[in-house]
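Engineer: My structure is below; once you've seen it, I'll send some questions.
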Amino acid sequence: MDTISSKHSIAKRWKKLSGENNREGLLDPLDIDLRKYIIHYSEMAQATYDAFNTERASKFAGSSRYARKSFFSRVGLEKGNAFRYNVTKFVYATSQIQVPEAFIVKSLSREAWSKESNWIGYVVVATDEGNVLLGRRDIVIAWRGTVRSLEWVNDLQFNMVSASNILGHE
């Protein structure tokens, strides 16, 4: 994203960068445009963690720290990034049943914005300017993964299965 030629090569090569032909010729050595592509989408995923309000003292605990209109600028995704997007929607996880507080960030405030939902991500659509640089109308749905301690414990619980299908039978 440093030069015009680099920006336009992503627009022309987006199918190949997205996995057409299994990224043949792009991995060893790592193609500079593929590197930029990976970082670009990784930063959008990281923004979900950076924007999640975990401050239980806040009446907005469990929500995004930032509004849709200023989201990308507030999480630092506009500066130095030629690709432009509009945040069109926020995504929430909702539980209408009682769940342990380790699964959902609940505000301690009586004026809490929600007692049963947490913000988990967003939907963005590339602007007209972004379309030119990306070579297509890009739509991204980014959501956060595990952040709460009990979620981590749950993630670590996995069942053992036989590897015989991969390694063969003795």
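Engineer: What FRET efficiency, computed as 1/(1 + (r/R0)^6) with R0 = 35 Å and r the Cβ-Cβ distance, is obtained for ILE141 and ILE32, rounded to the nearest 0.05?
Structural biologist: Computed FRET efficiency for ILE141 and ILE32: 0.85.
Engineer: What FRET efficiency, computed as 1/(1 + (r/R0)^6) with R0 = 22 Å and r the Cβ-Cβ distance, is obtained for GLU116 and PHE60, rounded to the nearest 0.05?
Structural biologist: So, using R0 = 22 Å, E works out to roughly 0.90.
Engineer: Follow-up question, since we're still on this one. Using a 1.4 angstrom probe on the protein heavy atoms only, line up ASP50, ASP31 by accessible area, largest first.
Structural biologist: ASP50, ASP31
Engineer: Moving on to the next point. May I ask for the net charge around ALA51, where only other residues with Cβ less than 10 Å from the Cβ of ALA51 are counted and Lys, Arg are +1 while Asp, Glu are -1?
Structural biologist: +2
Engineer: Could you give the alpha-carbon Rg of segment 27-71 over 2.2 N^0.38 Å, rounded to two decimals?
Structural biologist: The reported ratio for this selection is 1.67.
Engineer: Something else about it: Using the heavy atoms of the protein chains alone and a 1.4 angstrom probe, what is the accessible area of segment 19-87 per residue in square angstrom?
Structural biologist: So segment 19-87 comes to 60 Å² accessible per residue, rounded to a whole number.
The values are calculated or read from the model by the stated rules, or taken from the named source; none is laboratory data. Note that the structure is a prediction, hence the values are computed from the model and not measured. Every residue, glycine among them, receives a Cβ derived from its backbone with ideal geometry; neighbour counts consider all protein chains shown. Heads up: the accessible areas ignore ligands, DNA and RNA and are worked out on the full protein's heavy atoms, side chains in. Shrake-Rupley method; radii C 1.70, N 1.55, O 1.52, S 1.80 Å.
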